[in-house]
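Down below is the structure, laid out as C-alpha cells.
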Amino acid sequence: MERRTIIITAVVILIVTTAVILRKSLEPTPQPKPAPTVSKEDDGTKLVTTTDPALVFQKAFWRRPAADDRILHAERREWSSQDGVKKWQWYIAVSPGPQLLAWLKTNPFSLSDVRSAGRFENRPGWFPEETHGYQIQRNAEGRFTVMLSTDGRHLYATDSGQGFTAPEIAP
C-alpha cells in the first residue's frame with residue numbers, strides 16, 4: 001500500500017508540474033513599449049515622436065482601446081521648448097471593433113461630413129494620401145479628421161494643434 005501511495009503521489013506531482021510549465025509557455029510574452037524618439041529642430045525646439053499604439057489611441061480618442069480594436073499604426077509628435085509644448089500632431093490607423101464604431105457614431109467630437117480631407121501635413125507613409133472610398137468627417141477647425149473605409153474595416157484619424165501655455169506664476 002505504501003508503494004502505491006508513493007507512485008500515485010509522484011504521478012500527481014508530475015501532472016501538476018507539467019500543467020504549470022505548459023501554462024507558462026502558452027502565456028504571451030509582454031511586448032516592450034516603443035521608446036519615444038527625441039530629436040532637435042533647427043530652432044532648438046525638441047521633437048518627441050511616440051509610436052506606442054495604446055498611448056496614441058488614448059490621446060487621439062480620449063479612451064482606451066477595446067480588446068477588438070486592432071491598432072495598425074500610430075504616431076504622435078510633440079514639439080516643445082523650455083516653455084512647454086509648442087505644437088502637437090498625431091496619426092493613427094485602426095481596424096476598429098464594434099464598440100469603437102458605435103461610439104464614433106454618437107459623434108463625440110462634433111465632426112461633420114466633408115467631401116475631401118485635403119492635404120495632410122507631414123503624414124507618415126502608411127497614412128493614405130488619397131481619400132476616395134472613405135467616409136470623411138472633420139471638426140469645425142478642419143484639423144481633426146476621421147476617415148472610415150466604406151466597409152468599416154479601416155479607420156484613419158489625425159489631429160494637430162498648437163501647444164499648451166504654462167500658467168504664469170503670481171509674484
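The values are calculated or read from the model by the stated rules, or taken from the named source; none is laboratory data. The shown structure was predicted, so the numbers you read here are calculated from the model rather than taken from an experiment. Quick reminder, even Gly has a Cβ in these numbers, built from the backbone with ideal geometry, and neighbours come from all protein chains shown. Areas reflect the complete protein model, heavy atoms only, side chains present, ligands, DNA and RNA absent. Shrake-Rupley method; radii C 1.70, N 1.55, O 1.52, S 1.80 Å.
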Exercise. Sort out which residues of the range 102-140 are hydrophobic (A, V, I, L, M, F, W, C) and in contact with a His (Cβ under 9 Å, 6 or more places away or on another chain), and write them in order of number.
Key: W126, F127
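Under the condition of being assigned to a loop (DSSP other than H, G, I, E, B) and at pLDDT below 95, which residue from the range 71-105 is most open to solvent (accessible area, probe 1.4 Å)? Break it down stepwise before answering.
Kept after step one, since they are assigned to a loop (DSSP other than H, G, I, E, B), are these residues of the range 71-105: 82-83, 96-97.
From the residues that got through so far, the ones that are at pLDDT below 95 too are 82-83.
Numbers: Q82: 191, D83: 103 Å².
Of everything passing the filter in the range 71-105, Q82 is most open to solvent (accessible area, probe 1.4 Å).
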Quiz item: Which ones in the range 106-135 are surrounded by fewer than 10 Cβ atoms within 10 Å (Cβ to Cβ), among the basic types (K, R) and in contact with a strand residue (DSSP E or B) (Cβ under 9 Å, 6 or more places away or on another chain)?
Solution: R115
